[in-house]
Amino acid sequence: MGRPRFVWVRYLLLTTAALIFAFPFYFMVVGAFQEAPTNTPDNLFPTSGWTLGNFAAIDARVDLVRSLLNSLIFTSGVLLGTVVFGLLAGYAMARLDFRGRGATWVLMLLVQMVPFQLLMIPLYVQITRGFGLGDTYLGMIAPFAINTTAVFIFTQFFKALPQEMFEAARIDGAGELRILTSIAAPLVRPALVTVILVTFIGPWNEFLWPFLITKDASLQPMAVSLANYISNVAQSTANPNGAILAGAAALAFPVVVLFVLFQRYFTASDLGTAVKG
Amino acid sequence: MTAAPAADRVRLRTRVLGAQPIGGLFALPYLVFVGVIFAYPLGFAVYIAFHDYFFTAPGVDVAKPFVGFDNFVSVLTDPQVLRSFRNTAVFLVINVPLTVVLALVLATALDSGVRWVSAYRIAFYVPYLTASVSLVGVWMLLFSSGGLVNSVLGPLAPSPSWLINSALAMPTIALYVTWKQLGFYILLYLAALQNVPRERHESAMTDGANAWERFVHVTVPGVRSVTTLVLILAIITGANLFTEPYLLTNGGGPDGASATPVLLIYQQGIQQQNPDTAAAIGMLLVIVVGLLSLVANRVNREA
């Protein structure tokens, strides 16, 4: 659409915007490997001064491997809960006729509307004092254990499968759990990939909740460790900029790689589901 | 003989429990999760907000009397709280219009058949996917007093610098959040643009409408429902800022100029151990966000 002579305006607009969007990432990656990350424009394309020292510098103050491992444990716990219980709930919502299905559906919609910030104080009291789960992985995972968006995605995909298939399996005497694990779940593999990607980002990037309930540094995920480094340690360090960028790159890297590799699974319709419910 | 009553029993069971009652068992873990993580804390939040609630040593049972609206009164007369809501208003006034306009313009440019679409998509979308803690670290360095942005601006650099200037701290956060979230809204608009019928553009073109006129009279009305969604999501995001004022402006600085309600919930509820006023701030925030969303919905429908 549009006349050809305006096409260059479009490219100019998009390219300028893309450069502005990508620049902080360029700054982060280059700075993470620079002895002294630049603060002046004439030094944006360094040819020398490369180092791995920034990673060593931040690792000396916050245990990088341990923090990344904690992020991974936190994220894996959420993924496990979401995939196992999300598949069960999604299958039930899409394919099984049981009392309370309508009410469950309404509940799923309501859950999407409750802001975490309202629940923050009561959840903190409940999980640290009520359940005694402060400074544990379980306490970190609990509020995110089953991603409601994932249940919606599974429900949609299970609904799209042909009814005859389920009837045939039931006539053959297969139980519902068996139909789910050996017939239905393998058929919704694309949904599984989407759910894993969408769910991964949440806990991996989450800061507020693990920050609230972990006081023990050896349990803190990377986002919390890096935030602590930025707000507490950096002031007392001679040249913290490189170390901050190294930590930022370490936290950002896994998600960026996943996105670039699995780009086609991040479609707008799934995101639409994610927000509209 | 026994066949008929057995069939009746099955029919009755089907009517009461549904054809596959095992579905209830499948959904049970999710229902328990919702009960423990959402329903109970929601009720508990309301309870805390209306009581003189405080933390006690484990096992000690001290009366926590009902105090009516006292917590709300003390919150609404607290200048810090009022300031945090004003700061949020400043944020929204900058962030929301910028988000809607930029997302729609960039999505429209992307939608009309350009090359390298996936490269642009990656560039726009990656900030949205990346942890805010990472990106806040980068922005903090870029916008620091001796940072790259100021050295590019030279004599035009603001003094005091962006993040320690009480007039610029909140606008800088608003810019940061616009940049971080925009990719998501571009994707929402891209999906919506694909549903605007081509014929409407074509008939506008035969009527002699230029690109700008078609944008205003065909594209903008065509994606109205998504605009409402974008408005509401941007308002919710803006009302719930925590990481940005906590890290980027070092705890809502300078001197509370970028403090947000959620930052105060953390400071009052957990640092200063006053969960009752913190819960009251939370409820007020939800009410304000709800009202703003209703307004956004109404305004956009009439426009």
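What does the charge add up to near A:A169, with Lys and Arg as +1, Asp and Glu as -1, over the other residues with Cβ less than 13 Å from its Cβ? Computed value for this residue: -1.
Note on B:W212 and B:F55: the extension gain reaches 50.5 nm, defined as 0.36 nm multiplied by sequence separation minus the Cα-Cα distance.
Does the range B:123-165 come out rounded, prolate or oblate by the C-alpha gyration tensor, with a ≥ b ≥ c the root eigenvalues, rounded set by a/c under 1.5 and, if not, prolate when a/b is larger than b/c and oblate if not? Prolate. Per residue, the solvent-accessible area of chain B (1.4 Å probe, heavy atoms of protein chains only, all protein chains present) comes to 46 Å². Using the Stokes-Einstein relation with a Kirkwood hydrodynamic radius computed over Cα pairs, the translational diffusion coefficient of the range B:262-303 at 10 °C and a viscosity of 1.306 mPa s comes to 139 µm²/s.
Here the calculated FRET efficiency for A:D97 and A:L44, from their Cβ-Cβ distance with R0 = 60 Å, stands at 0.45, rounded to the nearest 0.05. If the chain linking A:T181 and A:T16 were pulled fully straight, counting 0.36 nm for each residue of separation and taking away their Cα-Cα distance, it would gain 54.5 nm. The alpha-carbon atoms of the protein assembly as shown define a convex hull whose volume equals 203 cubic angstrom per residue. The translational diffusion coefficient of the range B:70-302, from Stokes-Einstein at 25 °C and 0.890 mPa s with a Kirkwood hydrodynamic radius over alpha carbon pairs, comes to 126 µm²/s.
Per the Cα gyration tensor, the range B:24-68 maps to an equivalent ellipsoid with semi-axes of 30, 14, 6 Å, ordered largest to smallest. Put a dot 7 Å past the Cα of B:R115, heading toward its Cβ, do the same for A:I171, and the two dots end up 5.6 nm apart.
Only helices reaching 24 angstrom along their own axis (Cα) with mean Kyte-Doolittle hydropathy no lower than 0.0 count here, and for the DSSP H runs of chain B these are B:79-111, B:169-193, B:275-302.
With an a/c value of 1.5 or above and a/b not larger than b/c for the gyration tensor axes a ≥ b ≥ c computed over the alpha-carbon atoms, the range B:234-289 is described as oblate. Apply the Debye scattering formula to chain A, with a single equal point scatterer on each alpha-carbon and no solvent, then give log10 I(q)/I(0) at q = 0.11, 0.12 Å⁻¹. Summing over Cα pairs of chain A leads to -0.82, -0.92.
For chain B, adding -39500 (n - 2.57) for each run of n ≥ 4 DSSP H residues and dividing by the number of residues yields -21000 deg cm²/dmol at 222 nm.
Tally up the carbon and sulfur contribution to the accessible surface of the range B:221-302 as a whole percent, 1.4 Å probe, everything protein left in place. Using a 1.4 Å probe with all protein chains present, the range B:221-302 comes out at 57 percent carbon and sulfur. In summary, the helical segments of chain A meeting the span-like criteria, namely a full DSSP H run, a Cα extent along the axis of 20 angstrom or more and a mean Kyte-Doolittle hydropathy of at least 1.6, are A:7-32, A:240-261. With a Förster radius of 35 Å applied to the beta-carbon distance between A:A56 and B:A63, the computed FRET efficiency rounds to 0.05.
Calculated FRET efficiency, B:Y40 to A:Y26, Cβ-Cβ distance, R0 = 45 Å: about 0.45 to the nearest 0.05. Build a GNM of chain B with springs between Cα atoms under 10 Å apart, and of B:P21, B:P79, B:P41 the one that fluctuates most is B:P21. Taken about its Cα centre, the range B:63-149 carries a charge dipole of about 120 debye when Lys and Arg each add +1 at the Cβ and Asp and Glu each add -1 at the Cβ. For the residues B:Q194, B:Q20, B:Q273, a GNM of chain B with alpha-carbon springs under 10 Å puts the largest fluctuation on B:Q20.
Net charge dipole, the protein assembly as shown: roughly 1320 debye, given to the nearest 20, about the Cα centre with Cβ charges of +1 for Lys and Arg and -1 for Asp and Glu. Note: the range B:44-161, Cα convex hull, 242 Å³ per residue.
Between A:R129 and A:S236, full extension at 0.36 nm per residue minus the direct alpha carbon distance yields a gain of 35.1 nm. Taking the Cα centre of chain B as origin and assigning +1 to Lys and Arg Cβ atoms and -1 to Asp and Glu Cβ atoms, the resulting dipole is close to 840 debye.
Over chain A, Cα pairs under 8 Å with separation of 6+ residues give a relative contact order of 33 percent.
Dipole orientation for the protein assembly as shown: of the candidates B:Y176, A:A57, B:A19, B:A19 has the Cα lying most toward the positive pole (charges on Cβ; Lys, Arg +1; Asp, Glu -1).
Charge tally for B:A259 (other residues, Cβ to Cβ under 12 Å; Lys, Arg +1; Asp, Glu -1): -1. Taking chain A as a Gaussian network of alpha-carbon nodes connected by springs under 10 Å, the highest mean-square fluctuation of the residues A:T181, A:T82, A:T155 belongs to A:T181. Is the range B:118-238 rounded, prolate or oblate when judged by the Cα gyration tensor, a ≥ b ≥ c being the square roots of its eigenvalues, rounded requiring a/c under 1.5 and prolate requiring a/b larger than b/c? Taking the square roots of the gyration eigenvalues as a ≥ b ≥ c, the range B:118-238 is prolate. In this label model, A:V106 and A:V65 are separated by 5.4 nm, measuring between points 7 Å along each Cα→Cβ vector.
The values are calculated or read from the model by the stated rules, or taken from the named source; none is laboratory data. Note that the structure is a prediction, hence the values are computed from the model and not measured. Counting neighbours? That spans all protein chains shown, and the Cβs are built from the backbone with ideal geometry, glycine included. Heads up: the accessible areas ignore ligands, DNA and RNA and are worked out on the full protein's heavy atoms, side chains in. Shrake-Rupley method; radii C 1.70, N 1.55, O 1.52, S 1.80 Å.
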